[in-house]
Every structure is written in structure tokens, then in C-alpha cells.
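What follows is calculated from the coordinates using simple rules that are stated; it is not laboratory data. Just so we're clear, the structure is a prediction, and the values are computed from it rather than from any experiment. Note: ideal-geometry Cβ built from the backbone for every residue, glycine included; neighbour counts use all protein chains shown.
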Amino acid sequence: MNDPVIENLTHILDRIARACEASGRPADSVKLLLATKTVPADRIRHALLAGQTLIGENKVQEIRDKYEALSDIPHQTHFIGHLQTNKIKDVLKYNVSCIQSVDRLELAEKLEQRLAFEGRHMDVFIQVNTSFEGSKFGVAPEAALDLVRQVACCGHLHIKGLMTIGLFSADNEQVRKCFRLLKSIQSQIISENIPGVGMAELSMGMSGDLETAIQEGATIVRVGTAIFGERIYPDSYYWNEGQDNS
Ligand SMILES: *Cc1c(COP(=O)(O)O)cnc(C)c1O
């Protein structure tokens, strides 16, 4: 079977480059994160061997399953899924360099506890629910600043920016509103000058809306389908897990 990953990757890099150019942004101001949920390790390998360096997984189980097979290729792994507190110990076993989905104080505090115990630090993004859809995780926009202040007090967590999943809509202007909202929250947080809080990164934009996200200031776009093809599982399988209140 001829794996189209390389061809698709070339096309995505081209889309990113064009969007940067159209927005008057330098081509290297946007990083590509490969959203690799459900993608087998050998297909991820192709993309990494072609020069990609950043992948994002939604489930600890999948990180674990692919860890060995990818361990000989230099790359970074970000966690981009809903993180249940009972998976914290596990997610820290696999060399994850950033957790993009910190969306509640309880999670931050338990992460902080475990990292302190292990004598380690972790980069994190605060995930904001900019689409106001109940089915997606993320702190409410109006509560984001407070959460940032609280997470800033966790000495083993280093906030580097914000993450959001835009509205699923064919109406581009509705999607754009989500990205603008994230950008405005970023600006507000920056203006607060909170010690120890980095706000350089905006992780937003996926296969269908990366151009809009780049226009609105994305520094990381997370692309799955447009590189690896359609997934068998609906995204609700990844996004609608019951909230854990443990
Ligand atoms: C699956 C996923 C993506 C990628 O979505 P595509 O539409 O397949 O590009 C991005 N971000 C998150 C959090 C995801 O779960």
C-alpha cells in the first residue's frame, strides 16, 4: 500500500506557508503538531522520518502503545486530550513534554503534586472552551484568567500559552470568533504580567480551519485527518468522555 502521508504532509506544510505569507507572518512562526490519535506507530514513523518533530496524543493508552516503536526517532510528544486525574502518573511515564489540556484547578494541583514528588517540571497550556459547546473540555473564557493565576502558583508547572478547539462549523466566521476570543484572552493575560507565566503559544486550528487560525495568531496548528486520513472513531469518542470528578 502506498502511504499518502508524505504527500499529505507536503500539502499541509504548503497550506501553512501560504497562510503565514497571507498574514504577513514569518513561515517559522507556526509549528505543525501531528494529531496522531488512532494512527499506528509505523505511519507516524513515516511523518517523523520526513522531518516532523512534534506529535500530539489524546489518550495515555495510545502514548504507551506507540512509545517503544517511536523511541529511536527524536521527537516531542504533547498531550492534547482530556486528562483524567487518575491517569496523571501514567502520562508522566512517557516523556511527554507539554500538557496542552490543563482546564481545571483540580487537575493542575494533582499534576503539581506528582511532579513535585518526582522532582520534575512540565510545560502546560491552559485549554479554553471558546466555542461554548458543552461537549468540549476547556475552562470557560471568563474563568481563564483566574485559572492561570492559580496554576501560576504551581511551581512545577510552567504555563506557555493557551489551547482551544474551535467550533465545528462550515461557517468560517463563527470559527474565527473562537480563535479571536482565545487571542483576546491571551492579550488580557499578558497585560496582567503574572510572574512565571509565559503566553507566547496559541495552539489552535486543525485540518479544516488552520488558515483561519493562522490569520488569528496561532503558533501551533494540530492536524490529523488532512495528513493521516479519516479516523474510524468519531471525535466524540475522544472529546465526550465523562468528566471525572474524582
Ligand atoms: C483530533 C484532534 C485534532 C486534529 O483534528 P483533525 O480535524 O483531524 O485535523 C486537533 N486537536 C485535538 C485536541 C484533537 O483531538
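Brief remarks on what is shown
- GNM result for the chain, Cα springs below 10 Å: residue of Ala17, Ala218, Ala35 fluctuating most strongly: Ala17
- Listed residues His82, Leu70, Gly224: farthest to the positive end of the dipole of the chain (Cβ charges): Leu70
- For Asp103, the residues whose amide H sits under 5 Å from its own are Gln127, ignoring neighbours fewer than 5 places away on the same chain, with H placed 1.01 Å from N.
- Scaled against the 2.2 N^0.38 Å expected of a compact globular protein of N residues, the Cα radius of gyration of segment 4-230 reads 0.97.
- On the beta carbon distance between Gln76 and Ile190, with R0 = 22 Å, the FRET formula returns roughly 0.35.
- Entry note, the chain: the mean residue ellipticity at 222 nm calculated from DSSP H runs of n ≥ 4, each adding -39500 (n - 2.57), is -12000 deg cm²/dmol after division by the residues and rounding to the nearest 500.
- In sequence order, segment 197-211 has phi-based couplings of 9, x, 9, 6, 9, 10, 9, 7, x, 10, 3, x, 9, 5, 5 Hz under the Karplus curve 6.51 cos²θ - 1.76 cosθ + 1.60, θ = phi - 60°, and Gly or Pro positions carry x.
- Overall dimensions of segment 1-113 as given by Cα atoms, namely Rg and Dmax in Å: 15.8, 47
- Extension gain, Ala140 back to His158 (0.36 nm per residue minus Cα-Cα distance, nm): 4.4 nm
- For the chain, built as a Gaussian network whose Cα springs stay under 10 Å, the top-fluctuating residue of Ser131, Ser169, Ser23: Ser169
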